[in-house]
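Down below is the structure, laid out as structure tokens.
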């Protein structure tokens, strides 16, 4: 997927709560803002792509106390 311009995320690129997000997409282009946020039994799975898989220039957040999971 190609990002056009340099989008600035006011919150995060991906937000997951009580659900599941799976991504194998390859991103090109740049963006600013937080990459992801996962909490309350949410699960983001990137199949080993790592924590910088999603666009953004700020680390994502995982609330493991509420069983948020990023794998």
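Throughout, read-outs are computed from the coordinates displayed, never taken from laboratory work. From a predicted model like this one, the values you see are computed outputs, not experimental measurements. Glycine also receives a Cβ, built like all others from the backbone with ideal geometry; neighbour counts cover every protein chain displayed.
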Check on residue 26, touching a residue at least 24 places away in the same chain (Cβ under 8 Å) and either in a strand (DSSP E or B) or on the phi > 0 side of the Ramachandran plot (or both) = no
request  = Could you tell me which residue of segment 16-31 is nearest to residue 1 (Cα to Cα), considering only residues that are surrounded by 15 or more Cβ atoms within 10 Å (Cβ to Cβ) and under 11 Å from the mean Cα position of the chain (by Cα)?
outcome  = 23
remark   = When segment 32-56 is checked residue by residue, the ones that are buried (at least 18 other Cβ atoms within 10 Å of the Cβ), without any contact (Cβ under 8 Å) to a residue 40 or more places away in the chain and in contact with a strand residue (DSSP E or B) (Cβ under 7 Å, 6 or more places away or on another chain) are 34, 35, 36, 37, 38, 39, 42, 44
task = Take segment 61-71 and flag every residue that is over 17 Å from residue 24 (Cβ atoms) and either touching a residue at least 12 places away in the same chain (Cβ under 8 Å) or part of a loop (DSSP other than H, G, I, E, B) (or both).
result = 61, 62, 63, 66, 67, 68, 69
